[in-house]
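Working notes, beginning with the structure itself.
The values are calculated or read from the model by the stated rules, or taken from the named source; none is laboratory data. What you are looking at is a predicted structure, and each value in this text was computed from that prediction instead of being measured. Using ideal geometry, Cβ is built from the backbone for each residue, glycine included, and neighbour counts are taken over all protein chains shown. For accessibility, only protein heavy atoms count, side chains too; no ligands or nucleic acids. Shrake-Rupley method; radii C 1.70, N 1.55, O 1.52, S 1.80 Å.
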Amino acid sequence: ILIVVLAIRLPSFLYRISFEEALEGSVIFGEDVAFGGVFRCTVGLRDKYGKDRVFNTPLCEQGIVGFGIGVAVAGATAIAEIQFADYIFPAFDQIVNEAAKYRYRSGDLFNCGNLTIRAPWGCVGHGALYHSQSPEAFFAHCPGIKIVIPRSPLQAKGLLLSCIEDKNPCIFFEPKILYRAAVEQVPVEPYNIPLSQAEVLRQGSDVTLVAWGTQVHVIKEVAVMAQEKLGVSCEVIDLRTILPWDTETICKSVVKTGRLLISHEAPLTGGFASEISSTVQEECFLNLEAPISRVCGYDTPFPHIFEPFYIPDKWKCYDALRKMINY
């Protein structure tokens with residue numbers, strides 16, 4: 001088992017992952033991991049823990065995940081880094097057809113539950129097509145894995161520890177824009193945040209706002225705007241775990257407010273907001289006062305210079321909220 005601490009690098013507003021306490025048998029690997037990684041998350045780890053525990057891999061995502069599955073099956077704790085979430089698709093077969101099904105197909109004789117896959121995720125302001133994607137919905141269709149996306153350094157440490165200690169393979173998407181934008185006090189000692197448990201960040205009575213990762217900060221702003229400009233009370237929920245997700249917390253909130261707005265950066269069609277919307281429609285139909293609203297990215301490749309127009313910013317979310325209130 002690997003115990004991890006996230007520390008804030010105040011000069012550059014980076015948080016990095018460091019091995020504070022590690023038991024025998026844990027390894028972390030990926031492209032440029034031994035050198036610290038693109039976002040400097042693993043700086044100094046090879047010097048501290050050795051080249052047999054922290055090492056680089058070839059530029060082959062399928063190989064990285066396949067190797068991680070083998071390491072986990074052999075009994076070690078494997079932390080595989082995919083340099084960007086956009087690059088995870090060559091490993092899709094290994095994740096979906098191998099990692100997710102390993103326990104099931106062997107009748108629980110074998111499993112790779114000690115595998116955690118980390119990947120920087122989401123838009124960053126200049127990433128364009130291949131450094132901005134949010135692919136969580138692709139994997140949400142696959143039973144056997146868990147998908148987690150934190151909103152901040154404090155959340156990231158507790159959720160990452162829970163992923164590493166969980167006995168199922170996990171994909172941990174890290175909002176890359178927060179590497180440089182998020183500043184937060186993070187306890188030095190290890191702690192866990194439960195998986196599959198959404199967090200209500202703001203109590204409200206008129207509208208439920210749901211998001212995850214970077215978008216949580218957007219809907220928090222929208223809640224303040226709605227209160228000040230419209231006198232509307234918004235309940236803000238960070239979903240945190242995409243799979244398996246916390247249906248109870250979301251539905252309980254919608255029963256109270258009667259309205260639901262879901263926002264994510266990924267394209268609208270087939271995005272995970274669709275799954276949430278469908279479930280709430282089935283479970284809370286008689287409580288709804290207005291159609292459920294999804295404020296998401298467009299059904300186009302992620303643009304470069306037009307990124308500000310593509311992302312579901314606070315103004316798009318606010319406009320959708322206002323339409324729900326006036327429905």
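Values for this structure:
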read-out: DSSP-loop trypsin sites (Lys or Arg not before Pro) across the range 123-201, with at most 11 other Cβ within 10 angstrom; value: 167
read-out: Projected label distance in nm at residue 247 and residue 199, using a 7 Å step from Cα toward the beta-carbon; value: 2.5
read-out: Volume in Å³ per residue [convex hull over Cα atoms, computed for the range 128-251]; value: 134
read-out: Principal-axis tilt of helix 272-284 within the chain, Cα atoms, nearest 10 degrees; value: 50
read-out: Residue 55-residue 274 pseudo-label distance in nm [points 7 Å out on the Cα-to-Cβ vector]; value: 4.2
read-out: 19 Å reach of a label modelled at residue 97, 7 Å along Cα-to-Cβ, counting backbone N of the range 49-63; value: 60-63
read-out: Quarter of the Cα convex hull surface for the range 11-181, i.e. its orientation-mean projected area (nm²); value: 9.5
read-out: DSSP bridge pairs, the chain: antiparallel proportion in percent, nearest 5; value: 30
read-out: Number of Lys pairs (Cα under 14 Å; 8 or more positions apart or on different chains) in the chain; value: 7
read-out: Distance (nanometres) between label positions extended 7 Å along Cα→Cβ at residue 47 and residue 188; value: 2.0
read-out: Share of Cα-Cα pairs in the chain lying beyond 27 Å, as whole percent; value: 43
read-out: Loop-located chymotrypsin sites (Phe, Trp or Tyr not before Pro) in the range 154-232, at most 16 other Cβ atoms within 10 Å (DSSP); value: 191
read-out: Per residue solvent-accessible surface (Å²) - the chain, probe of 1.4 Å; value: 43
read-out: The range 23-122: GluC sites (Glu not before Pro) in DSSP coil with no more than 11 other Cβ atoms inside 10 Å; value: 24
read-out: Hz values of 3J(HN,Hα) by residue in the range 98-104 - Karplus curve (6.51, -1.76, 1.60), Gly and Pro given as x; value: 10, 4, 5, 10, 4, 5, 4
read-out: DSSP beta bridges in the range 199-326 [antiparallel fraction, %, rounded to 5]; value: 20
read-out: Calculated FRET efficiency for the pair residue 230/residue 106, C-beta based, R₀ 56 Å, to 0.05; value: 0.50
read-out: With Cα atoms, 0 to 90° folded angle of helix 153-165 axis to the chain main axis; value: 50
read-out: Built amide H within the under 5 Å cut-off of residue 311, gap 5+; value: none
read-out: Charged-residue dipole, Cβ positions (Lys, Arg, Asp, Glu), the chain about Cα centre, Debye nearest 20; value: 380
read-out: Helical mean residue ellipticity (222 nm; -39500 (n - 2.57) per DSSP H run of 4+; nearest 500) of the chain; value: -8500 deg cm²/dmol
read-out: Charge context of residue 302, other residues only, Cβ under 14 angstrom, K/R +1, D/E -1; value: -3
read-out: For the chain, Cys with no neighbouring Cys Cβ under 4.7 Å; value: 41, 60, 112, 123, 142, 234, 251, 284, 296, 317
read-out: Whole-number Å³ per residue for the convex hull built on Cα positions in the range 203-327; value: 99
